[in-house]
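These notes are about the structure you will find just below.
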Amino acid sequence: MCITTKILTTHLHDDKICVFHSDIHYMTIVPYSTRHDLPSPDYIAGIISCHGNFGWIKRGSSKSPFFQIKMQTKELLLLKMIKSKLGLNEKIYKYNHQNRKYVMMTVHRKNIIHSIIIPSLEFRLFGSKHAQFEKWKNQFYRLWLPKMYK
């Protein structure tokens, strides 16, 4: 027997999405990894256009790449969904700055940048964020790719 219901509301609970159904009084708890309605790659690229950053950290005499998404705390569920969709294990940090609350995820691991971040965003960004991404990606390949495969 198949029962179709309207979804009344969803919210976050212990890294799972709780779905409350309107026609029947029950709740489904669905782990992120089994959800098929997570944000699409193009939607994620749009979020990154607004809230993402590609940069370099100077460590001694060398530079290390990083990718970062920073959003207001009210978007924590969206950031967790993006993290899940991309298959990332990075921690999401909460912090306050000038009386504003934020959540932030930073990727430093070069193998993750190479195998997940760059392929996920290739041909999906436009405008100034595309230019920033291309410059960062080209510098990453020039500086770090040869070191990764030594």
(request) Could you pull out every one of the strands (runs of 3 or more DSSP E) wholly within the range 56-121 that has 2 or more residues that are at pLDDT below 95 and in contact with a helix residue (DSSP H, G or I) (Cβ under 8 Å, 6 or more places away or on another chain)? (result) 62-72
(request) Scan (1) modelled with pLDDT under 65; (2) in contact with a Phe, Trp or Tyr (Cβ under 9 Å, 6 or more places away or on another chain); (3) not polar (S, T, N, Q) for the single condition I24 breaks and write down its number. (result) (2)
(request) Taking only the range 81-94 into account, find how many residues are surrounded by 11 or more Cβ atoms within 10 Å (Cβ to Cβ) and either among the acidic types (D, E) or closer than 22 Å to R59 by Cβ (or both). (result) 3
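The values are calculated or read from the model by the stated rules, or taken from the named source; none is laboratory data. In this text, all values refer to a predicted model and were calculated from it rather than measured experimentally. Glycine also receives a Cβ, built like all others from the backbone with ideal geometry; neighbour counts cover every protein chain displayed.
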